[in-house]
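Data block below; observations after.
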Amino acid sequence: MKVQKLSLVFFKNHSDFKLECNEDIIAIAGLNGVGKTTVLDAIHYLCLGKTYFSSTDVQCIQTDEPQAGILAEVLDEEKVALKVKFKRGGRKVIEKNGVPYKKVLEHIGQYLAVVIAPGDIELVYGSNETRRSFVNQILSQVDRAHLLDLVKYNKLIEHRNKHLKQDQVDLALLQTLDEQIAPLAHSIYTNRKEFLNEFCPVFEAKYHQLSGEKENVKLTYVSQLETNTYMDLVDKNRSKDLAVQRSFTGIHKDELDIEIGELSLRKFGSQGQIKSGLIALKLAEYEYLQKQCNKSPLLLLDDIFEKIDEERAQVLTQIIKNDNFGQIFITDTNEDRISKFCSDIGKSFKTITLS
């Protein structure tokens with residue numbers, strides 16, 4: 001897959017931005033705040049139908065503008081025109097060759113992109129919800145049934161939580177909801193477990209490689225459904241659910257623990273180790289998507305050389321050089337450093353400087 005043309009109209013801090021990019025690597029240099037990351041976010045939006053760096057779609061529209069858009073020509077077996085349109089007070093629309101999707105979910109999984117960015121540190125420091133979302137996003141791109149199960153599960157849990165907050169709780173209604181949730185919970189748990197059985201060894205190998213084969217990490221999946229069925233869990237915890245007025249058990253409580261040398265990476269890891277852990281997670285994501293979909297995702301690298309030592313940076317460069325990566329977009333505040341990276345990879349590249 002390759003983005004050949006990209007246009008941004010009133011998208012974040014770009015009023016009218018155009019880029020032609022037939023090269024394998026597109027390097028974007030410039031100071032902070034000039035819109036380097038915005039370009040990566042637009043590409044992510046084209047692929048996954050949502051922003052990576054903002055919390056809402058409205059934040060993608062320039063202040064005082066009623067709407068914004070992203071347009072692109074993408075080569076993926078055949079040339080395709082993609083368009084995303086945002087409008088204040090309206091729903092976003094994604095079009096493929098001029099035809100809008102009825103639902104954004106129909107677009108998910110057709111075009112792949114993996115982002116590595118400073119904000120990914122939340123995968124280590126953030127809540128387990130952040131790590132669950134990471135797993136869900138990967139699985140949703142390769143398994144439409146899993147995506148639909150997640151949507152249904154989340155709606156039912158939301159309904160259940162709202163009912164638990166009522167002054168009078170109907171236990172028969174709770175039972176009915178739980179009977180609908182149970183098969184979805186089991187399916188999601190099974191998919192996550194199978195995915196992580198394959199993903200964890202790849203992540204651990206990538207980290208070992210990034211550390212110069214000096215360090216080891218371990219990624220562990222912890223779920224309440226490992227030893228209990230969903231119905232057994234809710235039966236045991238019904239009084240607690242009623243007391244706290246929310247669903248205390250289920251796959252929305254699953255956890256992912258990352259350890260280095262049998263210690264928590266979050267609590268005891270150095271900045272370099274944590275950065276390596278994040279990059280290893282994303283490289284493992286890339287390899288999984290590439291294998292499952294039989295095509296190379298776009299790789300979007302945002303200021304990845306910040307807070308990573310020279311040795312790890314050289315190892316990362318060699319990994320990207322030696323492995324079969326697709327088109328790469330990379331940003332950096334240091335033009336010399338980004339140019340050296342492109343030269344070391346040994347593929348066709350284009351450097352632009354934003355001011």
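The values are calculated or read from the model by the stated rules, or taken from the named source; none is laboratory data. This structure is a prediction, so every number in the text was calculated from the model and none was measured. Note that each Cβ is placed from the backbone with ideal geometry, even for glycine, and that neighbours are counted across all protein chains shown. Each accessible area value is taken on the protein alone, full model and side chains, heavy atoms only, with ligands, DNA and RNA left out. Shrake-Rupley method; radii C 1.70, N 1.55, O 1.52, S 1.80 Å.
Across the stretch 81-110, which residue is farthest from the chain's Cα centre (by Cα) among those that are within 18 Å of Lys18 (Cβ to Cβ) and of a type in the set (A, V, I, L, M)?
Among residues in the stretch 81-110 that are within 18 Å of Lys18 (Cβ to Cβ) and of a type in the set (A, V, I, L, M), the one farthest from the chain's Cα centre (by Cα) is Ala81.
Are any residues in the stretch 29-59 aliphatic (A, V, I, L, M), crowded, with 20+ Cβ neighbours inside 10 Å and within 21 Å of the chain's Cα centre (by Cα), and if so, which ones?
Passing the criteria: Val39, Leu40, Ala42, Ile43, Leu46, Leu48.
Give Asp309, Asp332, Asp336, Asp303 a once-over and let me know the one that is surrounded by fewer than 16 Cβ atoms within 10 Å (Cβ to Cβ) and closer than 26 Å to Glu20 by Cβ.
The match here is Asp336.
Please identify the pairs in which a residue from the stretch 55-72 that is assigned to a loop (DSSP other than H, G, I, E, B) has its Cβ atom under 8 Å from the Cβ atom of a residue that is of a type in the set (Gly, Ala, Ser), counting only partners at least 6 apart or on another chain.
Taking only residues 6 or more apart or on different chains, the pairs are Gln62/Ser15; Gln62/Ala68.
The conditions are (1) crowded, with 21+ Cβ neighbours inside 10 Å; (2) touching an Asp or Glu at 6+ places or on another chain (Cβ under 9 Å), and Ile25 fails exactly one of them. Which is it?
(2)
Is there any pair with a first residue in the stretch 253-273 that is in contact (Cβ under 8 Å) with a residue 60 or more places away in the chain and surrounded by 12 or more Cβ atoms within 10 Å (Cβ to Cβ) and a second that is of a type in the set (Gly, Ala, Ser) and in a helix (DSSP H, G or I) whose Cβ atoms are under 8 Å apart and which are 6 or more apart or on different chains, and what are they?
Within 8 Å, the pairs are Ile258/Gly277; Leu265/Gly277; Gly269/Gly277.
Condition first: touching a residue at least 24 places away in the same chain (Cβ under 8 Å) and either under 19 Å from Phe134 (Cβ atoms) or among the polar types (S, T, N, Q) (or both). Now tell me which residues in the stretch 186-198 satisfy that. Please lay out each step first, then the result.
Step one: of the stretch 186-198, the residues touching a residue at least 24 places away in the same chain (Cβ under 8 Å) are 186-189, 191-193, 195-196, 198.
Passing the criteria: Ser187, Ile188, Tyr189, Asn191, Arg192, Lys193, Phe195, Leu196, Glu198.
Residues being open to solvent by less than 60 Å² (accessible area, probe 1.4 Å) and part of a helix (DSSP H, G or I): count how many of those fall in the stretch 312-329.
Qualifying residue count, the stretch 312-329: 7.
Yes/no per residue for (1) of a type in the set (A, V, I, L, M, F, W, C); (2) closer than 30 Å to Pro183 by Cα:
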position: Glu215; (1), (2): no, no
position: Asn228; (1), (2): no, yes
position: Ser239; (1), (2): no, yes
position: Ile251; (1), (2): yes, yes
position: Ile258; (1), (2): yes, yes
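If I filter the stretch 92-114 down to residues being part of a strand (DSSP E or B) and touching a His at 6+ places or on another chain (Cβ under 6 Å), which single residue comes out as nearest to Cys47 (Cα to Cα)? Break it down into steps so the answer makes sense when it comes.
If we filter the stretch 92-114 for residues that are part of a strand (DSSP E or B), which is where we start, we get 93-96, 99-100, 113-114.
Now restrict to residues that are touching a His at 6+ places or on another chain (Cβ under 6 Å): 94, 113.
Working: Ile94: 10, Ala113: 6 Å.
Within the stretch 92-114, the match that is nearest to Cys47 (Cα to Cα) is Ala113.
Just the residues that are open to solvent by less than 30 Å² (accessible area, probe 1.4 Å), outside any helix (DSSP H, G or I) and touching a residue at least 12 places away in the same chain (Cβ under 8 Å), please, taken from the stretch 117-143.
Ala117
For the stretch 166-213, which positions are open to solvent by less than 40 Å² (accessible area, probe 1.4 Å), more than 22 Å from the chain's Cα centre (by Cα) and β-branched (Val, Ile, Thr)?
Ile181
Would you check which residues across the stretch 78-99 are surrounded by fewer than 15 Cβ atoms within 10 Å (Cβ to Cβ) and closer than 19 Å to Leu6 by Cβ and list them?
Glu78, Lys79, Ala81, Val93, Asn97, Gly98
Only one residue in His146, His163 is in contact (Cβ under 8 Å) with a residue 12 or more places away in the chain, more than 21 Å from the chain's Cα centre (by Cα) and either outside any loop (DSSP other than H, G, I, E, B) or on the phi < 0 side of the Ramachandran plot (or both), so which one is that?
His163
Please go through the stretch 17-52 and give me each residue that is without any contact (Cβ under 8 Å) to a residue 40 or more places away in the chain, over 11 Å from Leu71 (Cα atoms) and assigned to a strand (DSSP E or B), ordered by number.
Matches in the stretch 17-52: Glu20 only.
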